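The values are calculated or read from the model by the stated rules, or taken from the named source; none is laboratory data. These numbers come from a predicted model, not from an experiment. Please note: Cβ atoms are built from the backbone with ideal geometry, for glycine as well, and neighbour counts cover all protein chains shown.
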Amino acid sequence: MPLRSLSTWPALAVVLACLLLSGCGGDGQAAGNGSASATVVTTQVVALQPWNDTISALGTVKARESVTVTAKVSETVERVHFDSGDEVAAGATLVTLSGNQQQATLQAAEAAAKEAEQQYRRGTELVQQQLIARSQLDTQRATRDAALARVAEMRADIGDRRIRAPFAGVLGIRQVSPGALVTPGTVVATLDDISRVHVDFQVPEMHLAHVARGHALSGTSVAWPGQAFEGEVSSIDARIDPGTRAVTVRGDFPNPDRRLRPGMLLQVQVARPQREALVLPEIAVVQVGRESFVWRVKDDGTVERATIAVGERSAGRVEVLQGIAAGDRIVIEGTGKLRPGIGVTEEAQPPATGEAPAAGGGQAR
């Protein structure tokens, strides 16, 4: 019996050795799995940088001065002095209406006024000689003044038969022809001063503090693709619309080439003053319902969720108002594979030409 027990020792030693080797192999595999479980991502260290965002709005172009030219009296058109699309100076005669009867009436009124003036002067001499009463002279003065007023009335009536441009500008389509009968309110043409134009647009109440007179504006139109029109804020309405909670802002745009026309739709960009801000690529921000968050890399190489408040967005970037600080390392690409506490490694960058490949990405810090 003792000899048989001693013969079993070599077999037991082999079994123990196998168990030990199996345990060591398991530890090595676990370590390998732990290294493989680290998620490869791209990160970026957050830092303050210049930020100059814009406020976008849609606006309607309006002429600096605009009017519909109409007739004041009922009369026949004698002559038209313009063509459609002409540029005219202030006071230029646009249409002449027939006025032969008015001219004859004016001549009669001028003759009556001249006679009344002579009677008044003669009466003045007679009063000085005390040959007539002063009350009679007062009657002659009233007669003279009435005659002069009649002359002025007839001259104004004749003036109404010359339709003039109230200001310099560009005329629209001509609406009358010689020989046509016009009445008060008949449209002759439109007249617009478009050497400079106004653009009215709505700005939400939340942006009111960021808009002021003199701020730079940039506008684009589908009519002129690729061209930007530069202007500035000229005025801000004193009231906010209680229905839309927006304020009307008026921009002033030089228009020397007359490309902007009244009624055009303009995409307006209001440039806000440059400031320092924490800015991230939009792809780094994860939106779940109303909550926005990013994945922040901790010192031990794992990630955590950081809820943030976002500000303005521009050109694929977003301003972060709170939730992270300068110096934090944020995951930019690969956010869809993350969960709290998971380990991450920085994605290896491709080597430059002529350089040997890197040994491997290190753990993100």
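Which condition breaks for residue 326 when tested against (1) small (Gly, Ala, Ser); (2) at pLDDT 85 or above; (3) over 27 Å from residue 40 (Cα atoms)?
All conditions are met except number (3).
All but one of (1) free of Cβ contacts under 8 Å to residues at least 24 places away in the same chain; (2) closer than 23 Å to residue 50 by Cα hold for residue 327, so report the exception by its number.
(1)
Looking at residue 182 and the list (1) under 30 Å from residue 256 (Cβ atoms); (2) crowded, with 20+ Cβ neighbours inside 10 Å; (3) not assigned by TED's automatic domain parsing to the domain that holds residue 237, which single condition is not satisfied?
(1)
Can you find, within the stretch 229-257, the residue that is surrounded by the fewest Cβ atoms within 10 Å (Cβ to Cβ) among those that are in contact (Cβ under 8 Å) with a residue 40 or more places away in the chain and basic (Lys, Arg)? First the steps, then the outcome.
Quick first cut of the stretch 229-257, residues in contact (Cβ under 8 Å) with a residue 40 or more places away in the chain only: 244-256.
So of that shortlist, the ones also basic (Lys, Arg) come out as 245, 250.
Numbers: 245: 12, 250: 17.
In this case the residue turns out to be 245.
Of the conditions (1) modelled with pLDDT of 85 or more; (2) not assigned by TED's automatic domain parsing to the domain that holds residue 247, residue 75 clears all except one; give me its number.
(1)
Kindly indicate the residue of the stretch 252-287 that is more than 15 Å from residue 198 (Cα to Cα) and of a type in the set (Lys, Arg) and also modelled with the highest pLDDT among those meeting that condition.
Among residues in the stretch 252-287 that are more than 15 Å from residue 198 (Cα to Cα) and of a type in the set (Lys, Arg), the one modelled with the highest pLDDT is 275.
Hey, residue 137 hits all of (1) assigned to a helix (DSSP H, G or I); (2) hydrophobic (A, V, I, L, M, F, W, C); (3) touching a Leu at 6+ places or on another chain (Cβ under 7 Å) but one; which does it fall short on?
Here residue 137 meets the rest and fails (3).
Please specify each residue of the stretch 308-338 satisfying the condition of being outside any helix (DSSP H, G or I), of a type in the set (D, E, K, R) and out of contact with any helix residue (DSSP H, G or I) (no Cβ under 7 Å at 6 or more places or on another chain).
Residues of the stretch 308-338 outside any helix (DSSP H, G or I): 308-334, 338.
Then keep just the ones that are of a type in the set (D, E, K, R); that gives 312-313, 317, 319, 328-329, 333.
Listed by number, the residues that qualify are 312, 319, 328, 329.
Determine the pairs where a residue that is within 26 Å of residue 238 (Cα to Cα), located within the stretch 185-210, has a partner that is assigned to a helix (DSSP H, G or I) with Cβ atoms under 9 Å apart, the partner being 6 or more residues away or on another chain.
203/210
If residue 299 meets every condition in (1) out of contact with any strand residue (DSSP E or B) (no Cβ under 8 Å at 6 or more places or on another chain); (2) surrounded by 12 or more Cβ atoms within 10 Å (Cβ to Cβ) apart from one, which number is that one?
Failing condition for residue 299: (2).
Looking at the stretch 301-347, which of the residues that are of a type in the set (Asp, Glu) and in contact with a Lys or Arg (Cβ under 9 Å, 6 or more places away or on another chain) is nearest to residue 276 (Cα to Cα)?
Pass one, the stretch 301-347, residues of a type in the set (Asp, Glu): 304, 312, 319, 328, 333, 346-347.
If we keep only those that are in contact with a Lys or Arg (Cβ under 9 Å, 6 or more places away or on another chain) too, we end up with 304, 312, 319, 328, 346.
Working: 304: 26, 312: 13, 319: 10, 328: 17, 346: 27 Å.
The selected residue is 319.
Which one of 211, 199 is farther than 30 Å from residue 343 by Cα, surrounded by 13 or more Cβ atoms within 10 Å (Cβ to Cβ), modelled with pLDDT of 90 or more and not assigned by TED's automatic domain parsing to the domain that holds residue 316?
Numbers: 211 fails: modelled with pLDDT of 90 or more.
Testing whether each residue is farther than 30 Å from residue 343 by Cα, surrounded by 13 or more Cβ atoms within 10 Å (Cβ to Cβ), modelled with pLDDT of 90 or more and not assigned by TED's automatic domain parsing to the domain that holds residue 316 leaves just 199.
Could you tell me whether the stretch 267-288 includes any residue that is touching an Asp or Glu at 6+ places or on another chain (Cβ under 9 Å) and without any contact (Cβ under 8 Å) to a residue 12 or more places away in the chain?
no
Give just the number: which of (1) surrounded by 13 or more Cβ atoms within 10 Å (Cβ to Cβ); (2) under 20 Å from residue 79 (Cα atoms); (3) over 33 Å from the mean Cα position of the chain (by Cα) does residue 170 not satisfy?
Only one criterion is unmet by residue 170, namely (3).
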